Structure formats: C-alpha cells, structure tokens
Amino acid sequence: MLGAVEVGMLRALFERDIVPDIVLGTSVGALNGAPVARDPSLDVIDRLTDLWAATA
C-alpha cells in the first residue's frame, strides 16, 4: 500500500508545480518512479492512480 501512498505524494508535488530533477526508487518506488521519470506530469499521476485503484 505504500506504493499507492507515494502516488498521492507525487500528485501533491505536481499540483504545486514541484517537478523532480532526478527520480530514484527501489522496489515499488522504482515501479512508480519509472513512469514519472519518463513523463513528469499530472497525466502520469492519473495513470498511476488508475493502476493502483485497479489493484484494490
């Protein structure tokens, strides 16, 4: 469930126009981080939110 929490944290950052310069992660953090590194936008956060909602 920590992976889902990470997505909420990322959403809060992106909504405040805080975009990472570098993305690092291990385990589920790497699974969340890879799409963010490729597309650092709210669009990717919406896709991750849908992904995590589908696993519940």
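The values are calculated or read from the model by the stated rules, or taken from the named source; none is laboratory data. Just so you know, these numbers come straight off a predicted model, no measurement behind them. Heads up, the Cβs are rebuilt from the backbone with ideal geometry, glycines too, and the neighbour counts pull from every protein chain shown. Heavy atoms of the whole protein, side chains included, go into the accessibility calculation; ligands, DNA and RNA do not. Shrake-Rupley method; radii C 1.70, N 1.55, O 1.52, S 1.80 Å.
Some notes on this structure:
Rundown of residues vs (1) touching a Phe, Trp or Tyr at 6+ places or on another chain (Cβ under 7 Å); (2) open to solvent by less than 60 Å² (accessible area, probe 1.4 Å), yes/no style:
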residue: LEU10; (1), (2): no, yes
residue: LEU13; (1), (2): no, no
residue: ARG16; (1), (2): no, no
residue: VAL19; (1), (2): no, no
residue: ALA37; (1), (2): no, no
residue: LEU42; (1), (2): yes, no
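- Hey, GLY25 modelled with pLDDT under 95 and under 10 Å from the mean Cα position of the chain (by Cα) or not: no
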